[in-house]
Amino acid sequence: MIIGMNESYKIQIMRKILLGAIMVIGAMMAMSGCKVASGAGASDSLLTDSVKFQQADDELSCVICVDMPTGTDSMAVGVRTFINAMLDSMSFATAFSNAPGPAYSGDPTDGQAMVRYYGQQGVDSLRAMDHTFAMAPFSYTASVRKVADTPRYVTYTAENYVFLGGAHGAAASYTYNILKPSGRVLAATVDTAQARKMQPLLAQGVADYVTAQGQKVTAKEVLSLLFIDNGIIPLPKCPPYLTPTGLCFIYQQYEIGPYAMGMVTFTLPYDKVKSYMTPEALQLVGGAQ
């Protein structure tokens with residue numbers, strides 16, 4: 001890989017990683033039930049250990065950090081399955097293939113072995129590349145971290161960053177709610193059929209994000225900054241996730257705008273978005289009253 005890696009190639013990498021993540025998580029959700037988690041133990045905190053792989057030299061740097069569950073109950077099992085799927089779908093090797101894998105198939109309770117497997121996979125992939133013209137080490141960084149733990153669900157954020165030379169690297173970030181006590185990933189929070197009706201809210205959310213970055217724009221003006229068809233802002237490929245204050249939307253790099261725009265992120269208060277939410281998501285936040 002030469003230093004002049006162009007924008008279209010970076011877009012290709014990120015689209016493959018994003019598609020892999022959505023496909024894997026979608027398969028996980030399809031195999032699970034559709035009932036809201038409830039019952040005894042649903043409010044128990046998910047205990048985790050921080051597990052890390054790190055290797056660096058003059059050619060490359062590879063770092064993976066994971067908050068790995070320590071328990072053996074259904075919640076811990078479900079989260080470990082989720083972590084394995086995310087590390088597989090986000091893996092550096094996945095960016096250069098049409099499908100994730102091969103995934104870790106060892107002892108699922110051995111978090112060190114799982115993280116070491118994907119770390120070595122990243123090192124091997126980076127090492128195999130052409131470093132002839134590299135002026136800086138190539139790098140791959142990934143993390144799957146617990147960012148919230150509520151009585152009904154835990155929230156995990158999975159992020160990765162790839163640098164192969166050039167002006168900048170490519171990053172991705174996905175956040176999911178995982179239900180208690182089943183360990184099932186929440187399938188959807190928004191009724192996708194309502195996307196057109198949500199346009200005023202989405203446009204205002206994007207405008208608020210852009211304004212917060214230092215470029216003041218209105219909801220109408222922001223449409224001219226986006227890479228969208230027919231003036232319609234799509235829902236993000238990664239489902240919006242539940243937070244204490246509202247539904248958070250994250251668009252990946254290049255998903256609706258140029259690289260310079262970053263990952264467009266905004267939170268819509270439940271009182272504004274509840275009429276577009278799925279019944280399951282709405283129940284999890286108490287009807288968003």
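Some notes on this structure:
- Yes/no for residue 144 being open to solvent by less than 20 Å² (accessible area, probe 1.4 Å), assigned to a strand (DSSP E or B), modelled with pLDDT of 95 or more and not acidic (Asp, Glu): yes
- Only residues that are over 21 Å from residue 179 (Cα atoms) and open to solvent by 20 Å² or more (accessible area, probe 1.4 Å) were counted in segment 215-261, giving 25.
- For first residues located in segment 136-156 and free of Cβ contacts under 8 Å to residues at least 60 places away in the same chain, partners that are assigned to a strand (DSSP E or B) and open to solvent by less than 30 Å² (accessible area, probe 1.4 Å) and lie 6+ apart or on another chain with Cβ distances below 6 Å form the pairs 147/155; 147/157.
- Residue identified as in a strand (DSSP E or B) and either touching a Phe, Trp or Tyr at 6+ places or on another chain (Cβ under 9 Å) or farther than 30 Å from residue 58 by Cβ (or both) among 176, 209: 176
- Being surrounded by 21 or more Cβ atoms within 10 Å (Cβ to Cβ) and among the β-branched types (Val, Ile, Thr) is a description that does not apply to residue 285.
- Some residue of segment 29-47 being under 25 Å from residue 171 (Cα atoms), outside any loop (DSSP other than H, G, I, E, B), open to solvent by 30 Å² or more (accessible area, probe 1.4 Å) and modelled with pLDDT under 55: yes
- Residue under evaluation residue 228, criteria (1) part of a loop (DSSP other than H, G, I, E, B); (2) modelled with pLDDT under 95; (3) over 22 Å from residue 170 (Cα atoms), criterion not met: (3)
The values are calculated or read from the model by the stated rules, or taken from the named source; none is laboratory data. What you are looking at is a predicted structure, and each value in this text was computed from that prediction instead of being measured. Ideal geometry is used to build each Cβ from the backbone, glycine not excepted, and the neighbour counts take in all protein chains shown. Note: areas computed on protein heavy atoms with side chains; ligands, DNA, RNA excluded. Shrake-Rupley method; radii C 1.70, N 1.55, O 1.52, S 1.80 Å.
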